[in-house]
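The block underneath contains the structure these notes are about, expressed in structure tokens.
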Amino acid sequence: MKCTYHPDIETSLRCGKCGTPICPKCMVQTPVGARCPDCAKLYKLPTYRVSTKYYLIAVGTALGMAIVYGIAWGVVRAFVSFTFFNFLLNLLLAAGAGYAIGEVVSLSVNRKRSTGLAVVGGVAVVISYLMSIPFNLFFNFGASFHLLDLLALALGILIAVIRLR
């Protein structure tokens, strides 16, 4: 017999489902035996199949959450004056932003998962932090950016990515 997909190769293997002659090069080993590429069509799980519609929903939801949470983050941070306590509060608020944004985006796209959704969540956490800066500057009159804020921001991004990947 000749392989259906490679006519120059002789074989004695057949697809376990349709009986088509296949060679070891084109054979796909499945839990129920050797299959031809047509019968062994492997699809992603539905959880990981994310269409453009879901990405648009995720972007809209993430942007809305980033704006709302960013305003709340800025107002809460504006009333804290102790530097070390401000850092701890910022860590807590960043982690909360990552979790809240990740969870709401996940719910809005029916718990789908993908790298693209994780990027959307991470960017939303950054937007949320950037939205908090004007409130902090307005209420604290010259409050500055601290390098420790980057650590808090990284924590928030990590939590959002974990929720969506």
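The values are calculated or read from the model by the stated rules, or taken from the named source; none is laboratory data. The structure displayed is predicted, hence computed values, not measured ones. Don't worry about glycine lacking a Cβ; one is built from the backbone with ideal geometry, like all the others, and counts go over all protein chains shown.
Can you tell me which residues in segment 19-64 are closer than 15 Å to residue 109 by Cα, surrounded by fewer than 16 Cβ atoms within 10 Å (Cβ to Cβ) and aromatic (Phe, Trp, Tyr)?
48
When you scan segment 81-88, do you find a residue that is surrounded by 15 or more Cβ atoms within 10 Å (Cβ to Cβ) and either in the same structural domain as residue 157 (by TED's automatic domain parsing) or closer than 30 Å to residue 117 by Cα (or both), even just one? Quick ask: steps written out before the conclusion?
First, pick out the residues of segment 81-88 that are surrounded by 15 or more Cβ atoms within 10 Å (Cβ to Cβ): 86-87.
Now restrict to residues that are either in the same structural domain as residue 157 (by TED's automatic domain parsing) or closer than 30 Å to residue 117 by Cα (or both): 86-87.
Scanning segment 81-88 turns up at least one residue that is surrounded by 15 or more Cβ atoms within 10 Å (Cβ to Cβ) and either in the same structural domain as residue 157 (by TED's automatic domain parsing) or closer than 30 Å to residue 117 by Cα (or both).
With the condition kept exactly as written, say whether any residue in segment 136-148 is in contact with a helix residue (DSSP H, G or I) (Cβ under 6 Å, 6 or more places away or on another chain), at pLDDT 85 or above, farther than 19 Å from residue 107 by Cβ and not small (Gly, Ala, Ser).
So far as segment 136-148 goes, no, none of its residues is in contact with a helix residue (DSSP H, G or I) (Cβ under 6 Å, 6 or more places away or on another chain), at pLDDT 85 or above, farther than 19 Å from residue 107 by Cβ and not small (Gly, Ala, Ser).
The conditions are (1) farther than 17 Å from residue 158 by Cα; (2) at pLDDT below 90; (3) part of a helix (DSSP H, G or I), and residue 90 fails exactly one of them. Which is it?
Condition (1) is where residue 90 drops out.
Is it the case that residue 98 is at pLDDT 90 or above, assigned by TED's automatic domain parsing to the domain that holds residue 151 and surrounded by 12 or more Cβ atoms within 10 Å (Cβ to Cβ)? Spell out how you get there, then give the answer.
Working: at pLDDT 90 or above: yes; assigned by TED's automatic domain parsing to the domain that holds residue 151: yes; surrounded by 12 or more Cβ atoms within 10 Å (Cβ to Cβ): yes.
In short, yes.
List every residue pair whose Cβ atoms lie under 6 Å apart, where the two residues are 6 or more positions apart in sequence or sit on different chains, the first residue falls within segment 59-72 and is in a helix (DSSP H, G or I), and the second residue, located anywhere, is among the basic types (Lys, Arg) and surrounded by 16 or more Cβ atoms within 10 Å (Cβ to Cβ).
Going by the 6 Å Cβ cut-off, there are no qualifying pairs.
Looking at 76, 104, can you tell me which residue is surrounded by 12 or more Cβ atoms within 10 Å (Cβ to Cβ), modelled with pLDDT under 90 and touching a helix residue (DSSP H, G or I) at 6+ places or on another chain (Cβ under 8 Å)? It would help to see each step written out before you state the result.
On the way: 104 fails: modelled with pLDDT under 90.
Result: 76 is the single residue among 76, 104 that is surrounded by 12 or more Cβ atoms within 10 Å (Cβ to Cβ), modelled with pLDDT under 90 and touching a helix residue (DSSP H, G or I) at 6+ places or on another chain (Cβ under 8 Å).
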